[in-house]
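Only one structure is covered here, and it is reproduced in the block below.
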Amino acid sequence: MEVHDTDDRPSGLSPGMAVVDDRPTMGRGVGIFVSVVVVSAAGLLGLAVSAGDARPANAPKEGVLLDAWNVLYDTTAPSWWLVLAAFGLAMLAAVGIAASERVVTDRVRRSSDGERHPLAPRTVMARTRGVDAGPVTVTVLVPAHNEQASVSATLMSLFEQDRPPERVIVVADNCTDATAEVARRHGAEVVETVANTQKKAGALNQVLRRLLHTLGDNDCVMVVDADTVLDPEFLAVAVQQFTDDRAIMSIGGLFYGDDTGGLVAQFQRNEYVRYSRELERRRGRVYVLTGTASIFRSTALRQVAANRGSLLPGVPGDVYDTTALTEDNELTLALKSLGALMRSPHQCRVVTELMPTWRHLWTQRLRWQRGALENLGTFGFRPSLVRYWAQQLGIGYSVVALTSFWLLLGITVLATPNWVWYPFWLTIGGIFVADRVVSVWHGGWRARLLAALLLPELVYDFFLDVVYVKGVLDITFARKATWGHGFDEASAPHRAVDAGQGLST
């Protein structure tokens, strides 16, 4: 079956005409803003440290460790006022961000402004009170471009759910392999896109324009990547939450890495385990509705499409903004702006593919980082997005901190003829290592061992910091973003991307 791009835009707008949102956007200014704020904050902290009491360093002392090794150690430590000031500043920043988010969240939840916050819980509850919208149903969309090698596992995990979906539709986008045939053999419906040049977002928009008007308010749409495997209880938990709380507009999955071998893959697995643990500690309050697997009420997607070009950037009638590099992050910001309540229950777990090499990881993360900055620049400063702005500024500050660490470590090694141990910093480092090991405990012994070694993960963090700086520079200097999937044809022929035509992950 083919799907044609039906024209449901407002009258007077031709199918090929893009609507430009008249709200001011930051554009390349987002990179400048982030850079100025981060560098200024680091400069102020440096001035505060340099203004402290400069005490002369102690002469290293010699000792014997375990009656076997002669070691040099120095008991010099920062003044207590400096330690307390640093701790207080960190706590102030954390509490300030958390409090701001709570105030904004509570205000949006209590909002009865149906024009600006049509998906706010109070508005939704009032609109649906006494209305029987029927049982919750799930229609799954699986966007796929040349995914014949991976789509089988995805479809099997969907059909073998404890609570299977009502429909599974594979959106075959410009496929030149057997993706459609494989999908049909597994019992899925297949929709083939027509003349789509807007990658994953464009493919999903084509299907959603025809699908959404046929769904009721309790009919949900799930989007699952064709390289993702769901835990058996995913849909049962999600449907129950939608049934119990009609204010919930979307549920995102917690993603974990697959069993790809190698050190690069293990770094990513550790990162994903920590992210999932953090969401669990936040009681499912989601940061980003992951593109790997997320479920939306149809009414939420219809509201997004209806408000494109006015409250939201993009083309009226489109659910996904086709100009966004990271469509899942952009849709999250869109739903947040409309007041939507979203969750990521810890039982809704998925396994997704990992990047096998540093080059593939660079490509993926640069797109993620550049896309996140561009999305914030497009939406601008909104109270509902305070955490996302704080997150980018926090990453920027961590870049300065980690770079300073490596720089000072290098200077110390070069300037000191003998290795000297500092008990104060060893204690701080031990606490840091313990935290990193505990945070990946559920990832298995390999995850714990890698975390305990510390330095390898610091190198990985530095790699991500370089990606962040590259993303900031690219958006600041308006460099054109021209990249596709992280895999190339040589390493994974079934995932090769036809430039300008295929889906990006």
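Laboratory data are not the source of any read-out in this text; all were calculated from the coordinates shown. What you are looking at is a predicted structure, and each value in this text was computed from that prediction instead of being measured. Neighbour counts run over all protein chains shown; Cβ positions are idealised from the backbone, glycine included.
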The size of the Cβ-based charge dipole (Lys, Arg +1; Asp, Glu -1) of the chain about the Cα centre, to the nearest 20 debye, is 1420 debye
Within the under-11-Å Cβ sphere about residue 161, not counting residue 161, Lys/Arg +1 and Asp/Glu -1 give a net charge of -3
Summed over the other residues with a beta carbon less than 15 angstrom from that of residue 418, with K and R at +1 and D and E at -1, the charge totals -1
How high is the relative contact order of the chain, in percent, with contacts defined as C-alpha pairs under 8 Å that are six or more residues apart?
-> 23 percent
Dipole axis of the chain (+1 Lys, Arg; -1 Asp, Glu on Cβ), positive-most option in 75, 211, 414 = 75
Using alpha-carbon coordinates alone, the radius of gyration and Dmax of the chain in Å work out to 25.0, 86
Taking Cα atoms, how many degrees apart are the long axis of helix 358-379 and the longest axis of the chain, rounded to 10 and kept between 0 and 90?
-> 70 degrees
Candidate lysines - alpha carbon under 27 Å from residue 480, same-chain residues fewer than 8 apart omitted = 199, 200, 470
Shape call, region 193-304: gyration tensor on alpha carbons, a/c limit 1.5 = oblate
Rounded to the nearest 500, the 222 nm mean residue ellipticity computed for the chain from DSSP H runs (n ≥ 4, each -39500 (n - 2.57)) alone is -16000 deg cm²/dmol
Take 244, 227 and order them by how many other Cβ atoms sit within 10 Å, fewest up front.
-> 244, 227
Positive-end residue of 351, 159, 146, charge dipole of the chain with Cβ unit charges = 351
Looks like region 289-339, by Cα gyration tensor root eigenvalues a ≥ b ≥ c and the a/c under 1.5 rounded cutoff (else prolate when a/b is bigger than b/c, oblate otherwise), is oblate
Which residue, chosen from 381, 438, 396, occupies the Cα position most advanced towards the positive end of the dipole of region 369-480, where the dipole is computed from +1 (Lys, Arg) and -1 (Asp, Glu) charges on Cβ about the Cα centre?
-> 381
The helix 298-307 Cα axis meets the longest alpha-carbon principal axis of the chain at an angle in degrees, between 0 and 90 and rounded to 10, of 80 degrees
